[in-house]
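The values are calculated or read from the model by the stated rules, or taken from the named source; none is laboratory data. What you see is a predicted model, and the numbers here were worked out from it, not measured in a lab. All Cβ positions, even for glycine, are placed from backbone atoms using ideal geometry, and neighbour counts span all protein chains on display. All accessible areas refer to the heavy atoms of the entire protein, side chains included, with ligands and DNA or RNA removed. Shrake-Rupley method; radii C 1.70, N 1.55, O 1.52, S 1.80 Å.
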Amino acid sequence: MTTAPTPRAGTRTNVQKAALAVGAVFLLVGLLGFIPGITSQYDQLSFAGHESGALLLGLFQVSVLHNIVHLLFGAAGIAMSRTISGARSYLLYGGIIYLVLWIYGLVIDQNSAGNFVPLNDADNWLHLLLGIGMIALALLLTRDRDRDRTATKHA
């Protein structure tokens, strides 16, 4: 009976490295959203709602709530990268969440109370790319592991 190779203690698989990197980027983005200069129109940063006029990198509409969500999502990625299944779940389900956010951002009126995060067109298209990218990382970086597990069951 053959067993699937397991990583040595202290080493990370590619999916774990990807989840760690994505989590770190989200953590960084959350922090940058609170830095004047990197976030333009910082004086217009509100807690939540479409009225927040602050723009991360002069492009992505942010609020205090939006930045906190990025910080929490980043911390989750770093924590979940500790295990292969956690890393895969973070990337897969996080990607699905971002695709749902993309659709949500397309259907809501950006000047309504429904745009409480807030989201603008740049955010919407970034969410599409993030969703596709995260799901692709989850699936592509674990496909050999899934194949090995299936082969072990049939052996």
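Could you please report the charge total around Ile78, scoring K, R as +1 and D, E as -1 over all other residues with beta-carbon less than 14 angstrom from its beta-carbon?
Net local charge, Ile78 excluded: +3.
Can you give me the distance in nm between label points at Leu31 and Ile68, each placed 7 Å from the Cα along the Cα-to-Cβ direction?
2.0
So, for the chain, what is the accessible surface per residue at a probe of 1.4 Å, expressed in square angstrom?
Per residue, the chain has an accessible area of 56 Å².
Ignoring any ligand, DNA or RNA, what whole percent of the accessible area of the chain comes from carbon and sulfur when the probe is 1.4 angstrom?
Looking at the chain in its full context, I get 68 percent from C and S.
Could you tally the net charge around Gln110, taking each other residue with its Cβ under 12 Å from the Cβ of Gln110, Lys/Arg +1 and Asp/Glu -1?
Residues near Gln110 contribute -4 overall.
Among Leu137, Gly74, Phe116, flag the residue with its Cα farthest along the positive direction of the charge dipole of the chain, charges on Cβ as +1 for Lys/Arg and -1 for Asp/Glu.
Result: Leu137, furthest along the dipole toward the positive end.
How large is the helix-only mean residue ellipticity at 222 nm for the chain, computed as the sum of -39500 (n - 2.57) over DSSP H runs with n ≥ 4, divided by its residue count, in deg cm²/dmol to the nearest 500?
Rounded to the nearest 500, it is -20000 deg cm²/dmol.
What are the residues whose amide H is under 5 Å from the amide H of Thr39, where those residues sit 5 or more places off or on another chain and H is modelled from the backbone?
The list, which skips near neighbours in sequence, is Leu57.
So what's the angle, to the nearest 10 degrees on a 0 to 90 scale, between helix 84-107 and the longest Cα principal axis of the chain?
Rounded to the nearest ten degrees, it is 30.
Could you work out how far helix 64-80 tilts from the main Cα principal axis of the chain, as a 0 to 90 degree angle to the nearest 10?
Taking the Cα atoms of the chain, the angle to 64-80 is about 10 degrees.
Tilt of helix 121-140 relative to the longest C-alpha principal axis of the chain, in degrees (0 to 90, nearest 10)?
In the chain, helix 121-140 runs at an angle near 10 degrees to the longest axis.
Rounded, prolate or oblate, given the Cα gyration tensor of segment 63-107, with a/c below 1.5 counting as rounded?
Verdict is oblate for segment 63-107.
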